[in-house]
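The values are calculated or read from the model by the stated rules, or taken from the named source; none is laboratory data. Small disclaimer: the values here were computed from a predicted structure and weren't measured. In this analysis, Cβ positions are derived from the backbone assuming ideal geometry, glycine residues included, and neighbour counts consider all displayed protein chains. Each accessible area value is taken on the protein alone, full model and side chains, heavy atoms only, with ligands, DNA and RNA left out. Shrake-Rupley method; radii C 1.70, N 1.55, O 1.52, S 1.80 Å.
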Amino acid sequence: MFHELPPIKDQLKKCVRCGQCRSVCPVFREIGTENAAPRGHVFLAGLLRDGELAPSAAILAKFNQCLLCEACSRDCPSGIAVHEIVAACRAFLGRFQPGLKTWLFKNLWTAPGNLNKVHKAARFFRQSGLRSLAQSTGLARALAGELAHGDQLLGDLPPRTALQSLPRQEIAEPRTYRVGYFLGCATNLFGAATARALIRVLNYHGCEVIVPPNLRCCGLPHYANSLPEQARALAKANLQVLAGLPVDYIVTDCASCSSTLKSNLYRDWDEPELEQAAQHWQDRIYDINAFLCEKLELKPLKENGASFKVTYHDPCHLAQAQKIKKEPRQVLKSIPGLQLVEMEVQDQCCGGAGTFSVFQHDLSMKILDRKMNLIQKTGAGLCATSCPACAMQLKYGFARAGLPGQVVHPVELLSRAYGLD
Ligand code: SF4
Ligand code: SF4
């Protein structure tokens with residue numbers, strides 16, 4: 001029942017309507033109406049709960065105008081997790097989602113391996129000339145604007161996905177830890193270089209790395225798109241794999257994956273084996289930056305006369321959701337010659353938010369333009385970030401603004417500095 005869901009039952013009543021959340025909300029900054037503000041979402045959720053507002057596609061559209069960036073939840077003096085309220089309302093209104101979107105999430109976007117088919121189809125679409133034809137005739141936009149936006153955002157797809165090109169196991173001796181690499185869907189699709197860098201850097205620090213073949217999507221896209229049951233099913237499938245996985249830690253390069261995997265452990269699992277597995281993994285799932293800084297000692301690098309500027313974009317699911325801000329900077333600062341130039345508001349959302357940039361494209365682009373202005377002001381030619389979805393959005397931002405900059409994961413820069421590429 002909707003009104004029994006914890007964010008609805010326990011949190012709505014705590015809102016004192018102070019408006020603090022409005023000042024940090026990237027969506028409210030662009031739209032400027034109360035309905036688009038976090039406080040407005042809390043108010044609408046209360047009306048839905050009390051039956052004073054009829055469920056409809058129009059109301060779902062209001063809740064879909066949220067990045068789930070957690071900036072409001074971070075700053076709310078009453079401790080309200082506004083993003084959880086928004087997700088609960090989306091779940092309640094899920095029947096109003098377009099059928100095709102729901103079908104794609106349920107049937108295709110369930111595991112990195114399944115997305116290999118999308119990768120293959122997207123490359124065929126481009127290489128066969130169909131893409132040029134669709135663009136020149138405006139057919140792509142006419143058929144499905146969201147598909148056209150998705151195609152633009154994907155940028156240059158590497159010839160092979162990470163899953164197709166990574167070894168299943170890399171052994172380093174002497175061994176420090178045995179690490180399971182959680183290869184997320186986005187890194188698999190267009191971040192093979194990041195995946196290779198992560199494995200090389202971990203090997204260099206004495207870690208044996210395995211890539212468990214049967215892990216599924218972390219479930220965040222489903223949670224964010226009105227499909228809580230699918231998100232739970234994926235979380236359960238992953239926990240069943242983790243329960244028997246002979247590794248010391250799980251490490252990932254994706255801020256959203258580490259955040260979701262961790263929060264999935266705190267779900268109410270009604271099977272003793274799953275409860276036990278969830279408890280076991282509570283301190284064993286790591287973002288790669290945090291893992292390098294907390295569990296390993298970064299090997300020192302010699303000065304080499306190089307000098308280059310890098311700025312760093314904080315992914316919301318790392319900075320807000322996991323409070324991991326200093327570790328990526330520590331990784332970057334360990335690289336000789338790297339001058340870290342902070343942008344004015346480092347943790348302002350880039351507007352990517354997974355599928356938000358596809359389904360709320362125009363709004364996403366306005367938020368992205370603000371971010372690109374901040375990046376441009378730093379004068380850095382490289383922007384580092386620790387999330388493949390942010391990286392995709394920022395790469396598109398550079399291309400869209402006609403700027404020459406590049407976007408990289410900190411672990412890629414580290415791998416280059418160690419001469420591992
Ligand atoms: S900051 Fe929190 S208490 Fe204040 S209006 Fe927003 S949700 Fe309500
Ligand atoms: S999660 Fe982000 S986008 Fe959504 S209401 Fe809060 S601040 Fe705004």
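Overview of results
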| quantity | calculated |
| --- | --- |
| Flag for Val179 being over 30 Å from Arg90 (Cα atoms), of a type in the set (Val, Ile, Thr) and surrounded by 24 or more Cβ atoms within 10 Å (Cβ to Cβ) | yes |
| Pairs where the first residue, in segment 294-321, is farther than 17 Å from Leu202 by Cβ and assigned by TED's automatic domain parsing to the domain that holds Gly354 and the second is within 16 Å of ligand 1 (Cβ to nearest atom) and open to solvent by 60 Å² or more (accessible area, probe 1.4 Å), C-beta under 7 Å, 6+ apart | Gln320/Arg74 |
| Scope segment 9-24; condition away from ligand 2 (no atom under 16 Å from the Cβ), under 22 Å from Gly94 (Cα atoms) and in contact with a helix residue (DSSP H, G or I) (Cβ under 9 Å, 6 or more places away or on another chain); matching residues | Lys9 |
| Residue that is nearest to Val201 (Cα to Cα) [pool: residues in segment 248-288 that are of a type in the set (Ser, Thr, Tyr) and outside any strand (DSSP E or B)] | Ser258 |
| Selection count, segment 25-43, where residues are within 15 Å of His83 (Cβ to Cβ) and modelled with pLDDT of 95 or more | 10 |
| Near pairs, Cβ below 9 angstrom, 6+ apart or cross-chain, from segment 233-245 (closer than 20 Å to Lys106 by Cβ and open to solvent by less than 30 Å² (accessible area, probe 1.4 Å)) to any residue that is assigned to a helix (DSSP H, G or I) and β-branched (Val, Ile, Thr) | Ala235/Thr260 |
| Spans of helices (runs of 4 or more DSSP H) in segment 1-111 with at least 1 residues more than 23 Å from Val358 (Cα to Cα), within 10 Å of ligand 1 (Cβ to nearest atom) and outside the structural domain of Cys390 (by TED's automatic domain parsing) | 38-49, 71-75 |
| Residue within segment 202-209 that is more than 23 Å from the chain's Cα centre (by Cα), farther than 30 Å from Gln339 by Cβ and either of a type outside the set (Lys, Arg) or not assigned by TED's automatic domain parsing to the domain that holds Phe190 (or both) present | yes |
| Given (1) within 15 Å of Arg74 (Cβ to Cβ); (2) within 12 Å of ligand 2 (Cβ to nearest atom); (3) out of contact with any Lys or Arg (no Cβ under 6 Å at 6 or more places or on another chain), index of the condition Ala36 fails | (1) |
| Any hit, segment 33-50, residues being hydroxyl-bearing (Ser, Thr, Tyr) and open to solvent by less than 60 Å² (accessible area, probe 1.4 Å) | no |
| Complete set of residues in segment 1-32 that are open to solvent by less than 60 Å² (accessible area, probe 1.4 Å) and in contact (Cβ under 8 Å) with a residue 24 or more places away in the chain | Phe2, Pro7, Ile8, Gln11, Leu12, Cys15, Cys21, Val24, Cys25, Pro26, Val27, Glu30 |
| Elements of type helices (runs of 4 or more DSSP H) in segment 319-421, at least 3 residues being surrounded by fewer than 19 Cβ atoms within 10 Å (Cβ to Cβ) | 326-333, 361-378, 388-401 |
| All positions within segment 299-314 that are under 27 Å from Arg178 (Cα atoms) and in contact with a helix residue (DSSP H, G or I) (Cβ under 6 Å, 6 or more places away or on another chain) | Leu301 |
| Members of segment 1-25 that are under 19 Å from Ala71 (Cβ atoms) and among the β-branched types (Val, Ile, Thr) | Val16, Val24 |
